[in-house]
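Chemist: Submitted below is the structure of interest, expressed as structure tokens.
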Number of protein chains: 2
Amino acid sequence: MRDERRAILKVGSGPEIAEMRITPIAVTDPPLRNAVGLHAPYALRTIVELVTQDGVSGLSEIPGNADTNEALESAREVVVGSDPFQLSAMRLALADRFSSRPEDKRGEQPWDQRRLVHVFSAVEVACLDIIGKLVGRPVVDLLGGMVRERVPFAAYLFYKLEGAGGELGLGTDPHAGGWAAARQAEALDPESIVIQAKAMCEEFGFVPLKLKAGVLEPQVEVGTMFALREAFGPEVPLRIDPNGVWSVETSIECGRRMKDILEYYEDPTRGQAAMAKVRRALGIPMATNMCTTSFEDIPNSIRLGSEDIILSDHHFWGGLRACVELGRVCQTFGRKLSMHSNSHVGISLMAMVHMAAAIPNIAYALDTHYPWQSEEVIAGGRVRFEDGAIRVPREPGLGIELDRGMLQKLHENFLRCGFAKRDDVTEMKKVDPDWEFKLIRW
Amino acid sequence: MRDERRAILKVGSGPEIAEMRITPIAVTDPPLRNAVGLHAPYALRTIVELVTQDGVSGLSEIPGNADTNEALESAREVVVGSDPFQLSAMRLALADRFSSRPEDKRGEQPWDQRRLVHVFSAVEVACLDIIGKLVGRPVVDLLGGMVRERVPFAAYLFYKLEGAGGELGLGTDPHAGGWAAARQAEALDPESIVIQAKAMCEEFGFVPLKLKAGVLEPQVEVGTMFALREAFGPEVPLRIDPNGVWSVETSIECGRRMKDILEYYEDPTRGQAAMAKVRRALGIPMATNMCTTSFEDIPNSIRLGSEDIILSDHHFWGGLRACVELGRVCQTFGRKLSMHSNSHVGISLMAMVHMAAAIPNIAYALDTHYPWQSEEVIAGGRVRFEDGAIRVPREPGLGIELDRGMLQKLHENFLRCGFAKRDDVTEMKKVDPDWEFKLIRW
């Protein structure tokens, strides 16, 4: 069987993948707070570029960490020499390598360090970019075509410390004015979050507002949601995401207070069973990117009824085609979909756009951290939102090219910054040595 | 939203579909018995050919009946002028037309008369054939690439009356000799089924044996399975399919007797609840193409545990991509997949091959009626099996072209034969006027 698989990787009549370039980068990131601590001055991402014998290249971007980068290096043996169309055979070959490690688990953080899904996501998105270029079609058309022409995003609001992160300050942000100031400003109370929300929405045109919670006392966070409601009115959908650090009781109590103002309630508490209890008690739509984060989690999710909306993420679910398949699973069981985000640049953003354009039951504006970053590795610089949405590109592949100068510069950031993985706890301890992460804080 | 959808159908930078040719055909079919009666002398299929502005054509084949053909005619308005890559948008547009009819139900037969799945399957497979030709790739590569290079099939054994069907007799069958005689011969007892099985396996190289049951007294059918076991030994996997006409009690009793000789037990009884009872009682793998036949059936299938193996069918599940997605659903819930068949010619056969080559958890040799037909509409004539399997083509698209002379001839058969839909009950009454279909016969 493995011999047959090896043969299949090479069956293509088209060009083989001749080169796999793996470039870790560090992107300036503001000191955003969350339930696990504090964003470091740099967000780590890894840019993967696959190049065929004929010089056609494909791009992808995944969360950066030393372990994933090492896995990517060892995936080279599978990927180089393969036909870019043989995605399933590559996945099986990579699964043989990466999925049996006992340490390859999801972990307790809202992010994800599993190797196989990240590595395959990196390979698949870059292959789809190549395929799109080879056939002259946008990636969305390789996923069944478009069901929407523009993909709306939500304003992602954060409690934060003062500063815009990194050593670069504001100078690199092309968006000056209201948003530049709000991005820089401290925001640790309801009023400053309202200012942040107004500035962000004015700059980007977002409509729904999402608050990253689990940071301050629950009553302050609930108060923040009511302040947003007061400032924006009932037409603006509101979401709150305490990242699982509220107990079932706190989640129910806070949920009862916010019942009438929430579009959905995201991961107030930890684990499918606890989420199901909260959901039964409240009867409002609940979303997750923490308790149901892989196909293996789906059977218990269905059995328990742990959420209404799965916040997909191609980096965490194993690629764009896997997320299309997740869309079918969700449709089958009456769940809806939206999308989760981490700090990222334009390659991930455009992959998200192609994917959301292809999945019929994406029912909510997507999350994105994009406004919080100011640098970019794609040619032409920062992607612009129009009325809070991104128009689906009709150019071949993802529709983007690398800015090699910026890639080099952000790679130098990576080499200089000294971070090897995301560690929001350690970063928080730098400003508050007594701070400890708690699975359930309130 | 509908305006946006209409715009999306035309977004392609490539050629639009300029023509949709719908050709009903009638293919000689032997007098095969089943739980619903008797195969008519002709099996009806409909061949769909889509042609782009640039003259690139794509083929598909679906079960033929007057109602489906009428639906296909009215699908023309959606399909002609569309970009062949916009499969999801076409599906949504067709769903607007066909899925809200109250009479659009699965019915009680082992075949399926739902319009949307058939119409979309016809459109999707032909579009994938076009896309494959446009990009120079086999259809399997549009489904994520190959996970196997050859697709094995099972010998599909039938109790039957004497004759090879139609008015054409044996002369059109290129496979003379043992199989030609067995195909012609009456088979209404265990001994003649063993002769049929040996001839079919010798001719085509099939290994697993499947008996279409629900025809004779259960003890005769169980006896047939033991006769096959006796003749072929324990290395040859055996399956029996009573098409749902056994009661739960009969299914359990017969299942207990055959427990140790079955690879799987297919649809002994009717409906998910009854299947689940039998499955719990026996603890052997059970398969279905009758109780779980659409994504809407999956939640209850999971809740009840009605089967282990879903016999997919791209004609019944809405296309090849839907079946890939079904593969993910099955993988997620620990179910396996194989494939159901009706009487068909080479276009359906090759679509099945591309699809089975792409789906990792296809775990069993596929069903096919193909050996029972003798005519063909594809250039080069009948597809050859090698050791019971078909090698996955590496030519662009489905890898086949129409034989227009044969298409015309089989269309004339259709016009002449006078059948407008499949009706095995009526056919049975022609040889036994007292015969009645019963949902549960034994």
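Chemist: What do you reckon, is A:E395 in a loop (DSSP other than H, G, I, E, B), at pLDDT 95 or above and surrounded by fewer than 23 Cβ atoms within 10 Å (Cβ to Cβ)?
Modeler: For A:E395, the condition - in a loop (DSSP other than H, G, I, E, B), at pLDDT 95 or above and surrounded by fewer than 23 Cβ atoms within 10 Å (Cβ to Cβ) - is met.
Chemist: I'm checking my understanding of the structure. Among residues of the stretch A:398-434 that are out of contact with any strand residue (DSSP E or B) (no Cβ under 7 Å at 6 or more places or on another chain) and of a type in the set (A, V, I, L, M, F, W, C), which one is modelled with the lowest pLDDT?
Modeler: Across the stretch A:398-434, the extreme among qualifying residues is A:A420.
Chemist: Looking at (1) surrounded by fewer than 17 Cβ atoms within 10 Å (Cβ to Cβ); (2) in contact with a His (Cβ under 8 Å, 6 or more places away or on another chain), which is the only condition A:E203 fails?
Modeler: The one condition A:E203 does not meet is (1).
Chemist: Also, I was wondering about something else. Cβ contacts < 9 Å: first residue touching a residue at least 40 places away in the same chain (Cβ under 8 Å) and more than 10 Å from every other protein chain (Cβ to nearest Cβ), restricted to the stretch B:122-137; second residue assigned to a helix (DSSP H, G or I) and basic (K, R), any location; separation 6+ or different chain. Result?
Modeler: From the stretch B:122-137, the pairs are B:V123/B:R91; B:L128/B:R321.
Chemist: Identify the residue in the stretch B:358-371 that is in a helix (DSSP H, G or I) and touching a Leu at 6+ places or on another chain (Cβ under 6 Å) and, among all such residues, is farthest from A:R303 (Cα to Cα).
Modeler: Result: B:Y370.
Here is a yes/no grid of residues against (1) more than 26 Å from the chain's Cα centre (by Cα); (2) at pLDDT below 95; (3) of a type in the set (G, A, S); (4) closer than 23 Å to A:N34 by Cβ:
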| site | (1), (2), (3), (4) |
| --- | --- |
| A:S251 | no, no, yes, yes |
| A:G283 | yes, no, yes, no |
| A:D297 | no, no, no, yes |
| A:N300 | no, no, no, no |
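Chemist: Here's a follow-up. Somewhere in the stretch B:229-250, is a residue of a type in the set (S, T, N, Q) and within 19 Å of B:V194 (Cα to Cα)?
Modeler: no
Chemist: Scanning the stretch B:288-321 for residues that are more than 14 Å from chain A (Cβ to nearest Cβ) and farther than 30 Å from B:C127 by Cβ, which turns out surrounded by the most Cβ atoms within 10 Å (Cβ to Cβ)?
Modeler: B:E307
Per-residue answers, yes or no, for (1) touching a residue at least 60 places away in the same chain (Cβ under 8 Å); (2) away from chain A (no Cβ under 14 Å); (3) not β-branched (V, I, T):
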residue	(1), (2), (3)
B:K336	no, yes, yes
B:H340	no, yes, yes
B:I359	yes, no, no
B:A363	no, no, yes
B:T368	yes, yes, no
B:P371	yes, yes, yes
B:E376	no, yes, yes
B:G380	no, yes, yes
B:V383	no, yes, no
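Chemist: Identify, by number, the condition in (1) touching a helix residue (DSSP H, G or I) at 6+ places or on another chain (Cβ under 7 Å); (2) within 27 Å of B:R270 (Cβ to Cβ) that B:A89 doesn't meet.
Modeler: Of the numbered conditions (1) touching a helix residue (DSSP H, G or I) at 6+ places or on another chain (Cβ under 7 Å); (2) within 27 Å of B:R270 (Cβ to Cβ), the odd one out for B:A89 is (2).
Chemist: Further, regarding this structure: Got a number for residues in the stretch A:402-423 being under 19 Å from A:V125 (Cβ atoms) and in contact with a Gly (Cβ under 8 Å, 6 or more places away or on another chain)?
Modeler: Residues in the stretch A:402-423 being under 19 Å from A:V125 (Cβ atoms) and in contact with a Gly (Cβ under 8 Å, 6 or more places away or on another chain): 1 in total.
Chemist: With the requirement that a residue be among the small types (G, A, S), more than 7 Å from chain A (Cβ to nearest Cβ) and in a loop (DSSP other than H, G, I, E, B), what does the stretch B:142-156 give you?
Modeler: Once the filter is applied, which keeps residues that are among the small types (G, A, S), more than 7 Å from chain A (Cβ to nearest Cβ) and in a loop (DSSP other than H, G, I, E, B), the stretch B:142-156 yields only B:A154.
Chemist: Just checking, does the stretch A:259-282 include any residue being of a type in the set (G, A, S) and within 30 Å of A:L59 (Cβ to Cβ)?
Modeler: no
Chemist: Can you confirm whether B:V135 is surrounded by fewer than 24 Cβ atoms within 10 Å (Cβ to Cβ), farther than 14 Å from B:K10 by Cα and of a type in the set (V, I, T)? Walk me through it before giving the result.
Modeler: Numbers: surrounded by fewer than 24 Cβ atoms within 10 Å (Cβ to Cβ): yes; farther than 14 Å from B:K10 by Cα: yes; of a type in the set (V, I, T): yes.
Taking the combined requirement at face value, the residue satisfies it.
The values are calculated or read from the model by the stated rules, or taken from the named source; none is laboratory data. Remember, it's a predicted structure, so these values are computed and weren't measured experimentally. So basically every Cβ, Gly included, is an ideal-geometry build from the backbone, and we count neighbours across all protein chains shown.
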